[in-house]
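**Student:** Attaching a single structure in structure tokens format; questions to follow.
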Amino acid sequence: MGYSSHNACAVALAISCLIVAASAGSFYDEMDITFGGERAKISNGGQDLSLSLDQYSGSGFQSKHEYLFGRFDMQLKLVPGNSAGTVTTFYLSSQGAGHDEIDFEFLGNTTGSPYTIHTNVYSQGKGDKEQQFHLWFDPTAAFHTYTIVWNAQRIIFLIDNIPVRVFNNHEAAGVPFPKSQPMRVYASLWNADDWATQGGRVKTDWKNAPFTAYYRKFNANADKVGPNSRSTSSVNDNQAWRTQGVDAAGRNRIRWVQNKHMIYNYCNDRTRFTNGIPAECKRSRFL
């Protein structure tokens, strides 16, 4: 489509770009704890981070830097046992009323019932593009890698490098797409028992508190932006994420995930969209 990262930065209020090397950084270097105090703990020399929730507060962190396009990887191990009412998150977001956002949210459940993986895309303050999945593994038993690829053409959600969702840029059809507002990486663990588990019917059992989720191996291979950044583009700047799409094998994996594990797709919710499904739902999903 000819929309380069440098053009993207020019759009973003002429903020200059800094290409971030593809290396997992220390949480001390990459993140700031935003709430929860001692409930958020960095350990193992900055390689690990845990978030906890009790009846008084959850906890969270955000990236020190803002980014405009990139690939963002995080390994998570979710709250085990009875996690009903809890929400663990890993997402990108800008600030302000007309904000952009790309969400992974993990909705807890009663012991033995599956987590719900909730994805959504906001552009210019409007979301309503939810897709939800159950996983093909236990996300509380071991770490798994959750990835957001964000470029000018599309957004790809991946789990253990398996694409589970693609949201394409359909601006030509009048569908807003996040491409001009820099976003930070955020993560949090909080109580949402008014809606998170079975529509709010199952509440948080505080006898199980504190609830703890674990994060490690954050990696941002991305364009960092900020008032003090300068361009450091090099001849070796050929990161695949800039134009990454989904090949035939990836399309087969998406179909497998969506046929076997998807539990909600806004594009199929005709009772919600009584005036017709959104424009992007009528177009090819995986180009």
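The values are calculated or read from the model by the stated rules, or taken from the named source; none is laboratory data. Please read all numbers here as calculations on a predicted model, not as lab measurements. When we count neighbours, we look across all protein chains shown, and the Cβ atoms used for this are built from the backbone with ideal geometry, even at glycine. Accessible surface is based on the protein model in full, side chains and every heavy atom, while ligands, DNA and RNA are left aside. Shrake-Rupley method; radii C 1.70, N 1.55, O 1.52, S 1.80 Å.
**Student:** Within the range 227-258, take every residue that is modelled with pLDDT of 90 or more and outside any helix (DSSP H, G or I) and give me the one that is least open to solvent (accessible area, probe 1.4 Å).
**Tutor:** Applying the filter and picking the extreme gives VAL246.
**Student:** Is one or more of the residues making up the range 85-96 among the small types (Gly, Ala, Ser) and over 26 Å from CYS267 (Cβ atoms)?
**Tutor:** yes
**Student:** Hey, could you check the range 42-61 for residues that are in contact (Cβ under 8 Å) with a residue 60 or more places away in the chain and not polar (S, T, N, Q) and say which is farthest from PHE27 (Cα to Cα)?
**Tutor:** ASP54
**Student:** Please tell me if LYS77 is without any contact (Cβ under 8 Å) to a residue 60 or more places away in the chain and surrounded by fewer than 23 Cβ atoms within 10 Å (Cβ to Cβ).
**Tutor:** Details: without any contact (Cβ under 8 Å) to a residue 60 or more places away in the chain: no; surrounded by fewer than 23 Cβ atoms within 10 Å (Cβ to Cβ): yes.
Answer is no for this residue.
**Student:** Another question, if that's okay. Tell me which residues, restricted to the range 189-207, are open to solvent by 10 Å² or more (accessible area, probe 1.4 Å), in a strand (DSSP E or B) and in contact with a Ser or Thr (Cβ under 7 Å, 6 or more places away or on another chain).
**Tutor:** The answer is ASN191, and nothing else.
**Student:** Checking the condition modelled with pLDDT of 95 or more and surrounded by 20 or more Cβ atoms within 10 Å (Cβ to Cβ), which residue from PRO210, PRO178 passes?
**Tutor:** PRO178
**Student:** Could you please tell me which pairs satisfy a Cβ distance under 9 Å, a separation of 6+ or placement on different chains, a first residue in the range 189-205 that is β-branched (Val, Ile, Thr), and a second residue that is part of a loop (DSSP other than H, G, I, E, B) and at pLDDT below 90?
**Tutor:** These pairs meet every condition: VAL202/ALA196; THR204/ALA196; THR204/THR197.
**Student:** Sticking with this structure for a sec: Just to be sure, is LYS224 touching a Cys at 6+ places or on another chain (Cβ under 8 Å) and either under 28 Å from GLU30 (Cα atoms) or part of a loop (DSSP other than H, G, I, E, B) (or both)?
**Tutor:** When the stated conditions are applied, LYS224 passes them.
**Student:** Further question on the same structure: Tell me which residues, restricted to the range 131-141, are surrounded by fewer than 17 Cβ atoms within 10 Å (Cβ to Cβ) and within 19 Å of ILE102 (Cα to Cα).
**Tutor:** Within the range 131-141, just HIS134 meets the criteria.
**Student:** Within the range 48-58, does at least one residue satisfy the condition of being closer than 15 Å to PHE218 by Cβ, of a type outside the set (Lys, Arg), modelled with pLDDT of 95 or more and touching a Gly at 6+ places or on another chain (Cβ under 7 Å)?
**Tutor:** yes
**Student:** Moving to a separate point now. Any chance the range 150-171 includes a residue that's modelled with pLDDT of 95 or more, under 12 Å from the mean Cα position of the chain (by Cα) and of a type in the set (D, E, K, R)?
**Tutor:** Yes.
**Student:** Here's a follow-up. Pick from ALA14, ALA97: which is within 22 Å of the chain's Cα centre (by Cα), at pLDDT below 95 and outside any strand (DSSP E or B)?
**Tutor:** After applying the criteria, what remains is ALA97.
**Student:** Take PHE286 and tell me if it is modelled with pLDDT under 90, open to solvent by less than 40 Å² (accessible area, probe 1.4 Å) and touching a helix residue (DSSP H, G or I) at 6+ places or on another chain (Cβ under 7 Å). So that I can check it myself, show each step before the final result.
**Tutor:** Numbers: modelled with pLDDT under 90: yes; open to solvent by less than 40 Å² (accessible area, probe 1.4 Å): yes; touching a helix residue (DSSP H, G or I) at 6+ places or on another chain (Cβ under 7 Å): yes.
Spelling it out, PHE286 is indeed modelled with pLDDT under 90, open to solvent by less than 40 Å² (accessible area, probe 1.4 Å) and touching a helix residue (DSSP H, G or I) at 6+ places or on another chain (Cβ under 7 Å).
**Student:** Within the range 155-175, can you find the residues that are open to solvent by 10 Å² or more (accessible area, probe 1.4 Å), of a type in the set (D, E, K, R) and at negative phi?
**Tutor:** GLU171
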